Amino acid sequence: MKIGVMVNEGPYQHQSSDSAYLFCKAAIESGHQIERVFFYHDGVNNATKLTEPPQDDRNVVARWTKLAEEHGVDLVVCVAAALRRGIVEQNLAQGFRISGLGQLVESAIQSDRLVVFGD
C-alpha cells in the first residue's frame, strides 16, 4: 500500500511528529511504501537543521533525515508555512526539500491513504 503522511505539529511541542515518524517506520517495516511526508503549519519546524536537542533527548530532525536516507522517503516542507517561520532553503536539514501545496495534493492522489498527524 502507498501511504502519504502529513505532519502539522512541531517536533518538541506535540507528540504528532514522534507518532508520525514511528508510524512511517512501522509501515515501511510491514512492507508498505511511504509516498511522501508533507510538513505543514508548525510541522515545518521538523525540517530545520538549527535544532539542537540535549544529548539525552531524541533528535527528531535526525530521525526524519535517516528515514529519508535509508528508505528514499520524500520529505517535503510547505514553502508558505516555512517562510512564515523563518525556515529557508539554507537552514533545511539534509533530506528535506521546500515545495508547495501541490505536492500534498499529488501525494493524496498517488497514495492509497493520506494519514494526518496533528491539528
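The values are calculated or read from the model by the stated rules, or taken from the named source; none is laboratory data. If you're wondering where the values come from, they're calculated on a predicted model, not measured in any experiment. Glycine also receives a Cβ, built like all others from the backbone with ideal geometry; neighbour counts cover every protein chain displayed. Please note that ligands, DNA and RNA were not included when accessible areas were found on the heavy atoms of the full protein model with its side chains. Shrake-Rupley method; radii C 1.70, N 1.55, O 1.52, S 1.80 Å.
What's the extension gain from Arg58 to Arg84 if we count 0.36 nm per residue and subtract their Cα-Cα distance?
6.8 nm
Which one of His32, Asn91, Val7 has its Cα pushed farthest toward the positive end of the charge dipole of the chain, where Lys and Arg give +1 and Asp and Glu give -1 at the Cβ?
Asn91
Heavy-atom accessible area per residue, the chain, 1.4 Å probe: how many Å²?
With the other protein chains kept in place, the chain gives 52 Å² per residue.
Let me spell out the model: positive unit charges on the Cβ of Lys and Arg, negative unit charges on the Cβ of Asp and Glu, origin at the Cα centre of the chain. What dipole size does that give, in debye rounded to 20? Mind showing how you got there, number by number?
Numbers: 11 positive and 15 negative charges, 35 e Å.
Dipole magnitude for the chain comes out near 160 debye.
May I ask for the Rg/Rh ratio of the stretch 2-117, computed from Cα atoms with Rh as the Kirkwood radius, given to two decimals?
Ratio of gyration radius to Kirkwood radius: 0.93.
Using the Cα atoms as the points, what is the convex hull volume per residue of the stretch 64-108 in Å³?
Each residue corresponds to 67 Å³ of Cα convex hull volume.
Would you calculate, for the chain, the mean residue ellipticity at 222 nm contributed by helices, counting each DSSP H stretch of 4 or more residues as -39,500 (n - 2.57) and dividing by all residues, to the nearest 500?
Theoretical 222 nm ellipticity from helices: -10000 deg cm²/dmol.
Amide H neighbours of Ile98 under 5 Å, at least 5 residues apart or on other chains, H built in the peptide plane: list them.
Amide H neighbours of Ile98: Val77.
Kindly work out what percent of the DSSP beta bridges joining two residues of the chain are antiparallel, to the nearest 5.
If I count the DSSP bridges inside the chain, around 5 percent turn out antiparallel.
Within the accessible area of the chain, what % is carbon and sulfur when the probe is 1.4 Å and the other protein chains stay in place?
48
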